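The values are calculated or read from the model by the stated rules, or taken from the named source; none is laboratory data. All of these numbers come straight from a predicted model, not from anything done at the bench. We place every Cβ from the backbone using ideal geometry, glycine too, and count neighbours over all the protein chains shown. What goes into the accessible areas is simple: the full protein's heavy atoms, side chains included, and nothing from ligands, DNA or RNA. Shrake-Rupley method; radii C 1.70, N 1.55, O 1.52, S 1.80 Å.
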Amino acid sequence: MNRSRPYSRAGRVAISVVRVARKAGAWKKSKKRRRGGSGVWLGQRPEKDNAGGGMGRQSARGRECVVRLGRLTERTLWAVLACLALAVWPALADESCPLGPTASYTASQPGATGRFALFSDVHFSPFADPSLVRELAGSPVEWWRAILARSKPGLSPYGQDTNNALFQSFLDDMAARNPRPDFILFPGDLLCHDFWTLYPKLSKDTTQAGLEAFIQKTVAYFFGEVARRFPGVPVYAALGNNDSVEGDYRIAAHSPYLSLTVQALAALLPNESARADFGATYPQYGCYAVTLAEAGGVRLVVINNVFLSVKHPDAALGDPVLAFLERELVGAKARGEKVWLMAHIPPGDDSMASGAALARKDEDRYKGFLREEQNDAYAKLLAAYAPTVVKAAFAGHVHRDDFRIWKTSSGEPAGGMGLAPSISPITGNNPGYQCHTYDRATLELLDVTTYFLDLAKPGTGWREEYVWSAAYGRGLRAPADWQATYLDLGQCPARREAFAAHFDLGSPHMEVTETSFPAFWRAIASPTRTVWEAWSAPTPLAPWPLAGPGGQPSPAATACPGGS
């Protein structure tokens, strides 16, 4: 990793201002008094001079006056200099925070703007109220909503998977904000963690048949509730690592989970043609491809890349998945079709693990999600068929709001992949979902709005967190837009801070910091280990935020009311 991180011109000015401000808060020893008195730091109480000279001879009242004067002077100087920094910064930083073209987030022609919703990693838990599990197990799925309505009140807190109250809350909000999306995407992880151990423990049923029946009812209830809020809206789902009857990362080819869920998923598709395409391949490996007539005819390719995971025990099962993906891309290119790709797990580095290693141990570490050889083959396909064929890509798994980019073999920007936040708050994040806009004429993404629920502030309800084009100054249309957003994170402090805040959806569990940021930045542009190892910072990092005395946040917001 490039640790030098030289600063920009704006950064050097800001550093100079901060240094002056810090000197104002902690002056070095002042000119010694003629008789050997001690130097005084503003804001500090002078120590008693045992020799009887200098400040030690002042009365208690005099010493207190010096202390108060020092503190007042420190605060005043800091506020003035903070305001000066904020006044100077925009003029210098504008060169590093350019706005992209409005065409990057607006449709190419009137009436061409389409909309779809996306949510991921719900990890729905029918076990959240253990007292209801045996009743759920013994009841038809049609009764589940009434039974779960009697659950103990309250939304899932940080550290737990999604209970029925949180599930209903998010669906209600999404339906109120976007009642008729063109379609809905779900990149996987429907079932809660430890489903396979919780069921026998709480139901007292240790049979495999009982477990499979309960999983089937859970899936039917889940998608039934989605369909109840969005009648007639197609829903397309991928499999996550928890979506199986065998266990976490343990799904098998021709798994019972696939046959148990095929009917529930097929019912969400818009027509017989889509259901036929889905049914032809999904029961084998959980992969399928369908044409979205409601989205201008784009071909949606959904793969089960859990089989490619380093945690899956059978490496051989990843090869048929990659072969399926390649066949679909070759066929789409031959037919002149555009493809959107959806899978659960992103390629490349686990940035949260790498960020933690950098922050805690000052250690550069690559930890891939997928087996290296299969990850490389996956990334190679993405680069080879983007941007002419693959126009958009989606994943989940990380429970965070993030993205990835890749380049062609010649080094040109090729595309980007959005990593969706989770509904489940089990890893300390706030729940969130997204509403996208896209161009029906060109089948390119345009923009995305993220909504979140701040669990740390009960009663505030679901709120809009941010709009991509407003936070990052450009949209999602072209590979160059994704590349520019990535570069801006280094040179535009406001956009880097937006990325850091939105990564966890504003939760107290803050992971992207000035110390850890380089690991996250590196992961965005590194779809393979080879690229990760060759990476160096593409631009100097502009410093931000301006730290106040003692490393505290800058008081500029209160020092300069109405400023920005």
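In terms of Cα atoms, the Rg and Dmax of the range 441-480 work out to 14.0, 42 Å. Calculated on the alpha-carbon coordinates, the convex hull of the range 93-227 measures out at 167 cubic angstrom per residue.
The modelled label-to-label distance between Leu99 and Asp172, using points 7 Å beyond Cα along the C-beta direction, is 3.8 nm. Length gained on full extension, Glu246 to Glu373: 43.2 nm, using 0.36 nm per residue less the C-alpha separation. Binning all Cα-Cα separations of the range 448-529 at 10 Å, short to long from zero, yields these whole-percent fractions: 16, 45, 31, 8, 0. Using only alpha-carbon positions in the range 102-534, the gyration tensor eigenvalues give semi-axes of 31, 25, 23 Å once each is multiplied by 5 and square-rooted (largest first). Distance from the Cα centroid of the range 329-389 to that of the range 233-307 is 20 Å (rounded to whole angstrom). Separation of the range 394-429 and the range 430-486, taken as the distance between their Cα centroids, equals 12 angstrom. Under the rule a/c < 1.5 gives rounded, and otherwise a/b versus b/c splits prolate from oblate, where does the range 213-353 land using the Cα gyration tensor? Verdict is oblate for the range 213-353. Per residue, the Cα convex hull of the range 355-496 amounts to 150 Å³. Surface exposure of the range 102-534, expressed per residue as accessible area with a 1.4 Å probe, stands at 35 Å².
Surface composition of the range 102-534: carbon plus sulfur atoms contribute 53% of the solvent-accessible area (1.4 Å probe, protein chains only, all chains present). The amide H of Gly368, built 1.01 Å from its N in the peptide plane, has Asp350 as neighbours under 5 Å, considering only residues 5 or more places off or on other chains.
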